[in-house]
Amino acid sequence: MADDRGAQAPELSVIVPVFNEYENLRPLLDRLIPALACVKSFEILFIDDGSRDATLAVLREINRADPRVRALSFSRNFGKEVAIAAGVDAARGRGAVIMDADLQHPPEAIADFVAKWRDGYQNIFGIRQRRDTDSPARAWLSHKFYRLFGALGEIELPEGAGDFRLLDRAALDALRSLRERARFSKGLYAWIGFKSIGVPFEVAERHLGVSKFSYRKLTRFAFDGIVSFTTVPLRAWTYIGTVIAAIALLSAVYFVLEALVIGVSAPGFASLIVSIMFFAGVQMISLGVLGEYLGRVFAEVKGRPLYLVAERIGEALEGNGMAKS
Ligand code: UDP
Ligand code: MG
């Protein structure tokens, strides 16, 4: 698959995951296509992540008028991370930009990315300058997540770097070889390495519609991020267990000495209940952590495709969730 991109391969692919974004598609293209004057040729690849609004119909219409715009439509909502993976599978360009559809990622910044690409960089990421387009609670939680990830992680995530980026063909092929199901793209981009550089951009307000990420989805996403990149939570229980056992041992010694010196005192009922509940809680948490990892191992072992494509709009669109090359 990697070799049949053919002579007509565009210089740059633009990958845009979309979920219920029909009203943003034309405003996006109105700014994106002029911004792509900085490359010789391009294709724009929308990944319709199971939208339930007019997104697919609008994409069909746009493709009829301009075949440089192609689209893949999933059989259901698989999530933005998987949609990006499908875009990376299907992109034919010698490089690809990944961006959101809601104009939070300004298309004009692509020219800056391309300049760095021409300088020889292969993994060029946009760094958002401010977070005040997010609610304060979300910005705070996100900051804390980066701190925690940094403290645990084996890889470094530059804060403010997201999906808005340009990847060279070498980096795209590397990314295509990672078929894990619980996908945390930000971590994967950092993990593949390659010659990387950050380019600042001003993040804008979402053009129309509302964010497609609920706090529930974001929490899931944060878990995926940590669990797919570090086993520290799994190993931590060895240390926590050791410390708790040591404390139990010391208190046993203390109680024996107390009984010998002062004599047996009336045992405390409250402290007994509290410690039973505390240790039961600790055990449940550790079981939960095991479950997080076990669940992901199970998902991988089943070996299901990453995504299912229901419809392809535009020429030479292939690829399925199993692609591996
Ligand atoms: N998106 C997607 N699948 C989803 C959720 C979001 O493809 O399940 C797309 C969405 O259409 C948009 C991009 O991912 O193009 C970013 O989503 P959004 O703007 O809602 O996220 P936020 O900016 O709030 O992080
Ligand atoms: Mg957005």
For this session: Would you tally the residues in the stretch 97-120 being out of contact with any His (no Cβ under 9 Å at 6 or more places or on another chain), in a loop (DSSP other than H, G, I, E, B) and surrounded by 20 or more Cβ atoms within 10 Å (Cβ to Cβ)?
Result: 2
Exercise. Counting just the residues of the stretch 193-222 that are in a helix (DSSP H, G or I) and aliphatic (A, V, I, L, M), which one comes out surrounded by the most Cβ atoms within 10 Å (Cβ to Cβ)?
Worked result: 222
For this session: Return the total of residues in the stretch 144-177 being modelled with pLDDT under 90 and either of a type in the set (A, V, I, L, M, F, W, C) or within 24 Å of residue 303 (Cα to Cα) (or both).
Result: 8
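In contact with a strand residue (DSSP E or B) (Cβ under 6 Å, 6 or more places away or on another chain) and farther than 30 Å from residue 9 by Cβ, is that true of residue 210?
Here the answer is no, as residue 210 does not meet what is asked.
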For this session: Inspect all residues belonging to the stretch 228-241 and state whether any of them is open to solvent by 80 Å² or more (accessible area, probe 1.4 Å) and aliphatic (A, V, I, L, M).
Result: no
Problem set entry | Matching option when the condition is in a helix (DSSP H, G or I), among the β-branched types (Val, Ile, Thr), over 23 Å from residue 227 (Cα atoms) and at pLDDT below 80, among 243, 264, 274 | 274
For this session: Output the number of the condition that residue 225 fails; it satisfies all remaining conditions of (1) within 16 Å of ligand 1 (Cβ to nearest atom); (2) open to solvent by 50 Å² or more (accessible area, probe 1.4 Å); (3) within 19 Å of the chain's Cα centre (by Cα).
Result: (2)
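Restricting attention to the stretch 121-138, which residues are assigned to a loop (DSSP other than H, G, I, E, B) and in contact (Cβ under 8 Å) with a residue 24 or more places away in the chain?
Restricting attention to the stretch 121-138, the residues satisfying the condition of being assigned to a loop (DSSP other than H, G, I, E, B) are 121-122, 129-135.
121, 122, 129, 130, 131, 133, listed by residue number.
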Exercise. With respect to residue 64, is the statement that it is open to solvent by 10 Å² or more (accessible area, probe 1.4 Å) and within 16 Å of ligand 2 (Cβ to nearest atom) true?
Worked result: no
Exercise. What tally of residues in the stretch 166-192 results from selecting those that are of a type outside the set (A, V, I, L, M, F, W, C) and either open to solvent by 20 Å² or more (accessible area, probe 1.4 Å) or free of Cβ contacts under 8 Å to residues at least 12 places away in the same chain (or both)?
Worked result: 8
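The values are calculated or read from the model by the stated rules, or taken from the named source; none is laboratory data. What you see is a predicted model; the values in this text were computed from it and never measured. We place every Cβ from the backbone using ideal geometry, glycine too, and count neighbours over all the protein chains shown. We work out accessible area using only protein heavy atoms, side chains counted, and drop any ligands, DNA or RNA first. Shrake-Rupley method; radii C 1.70, N 1.55, O 1.52, S 1.80 Å.
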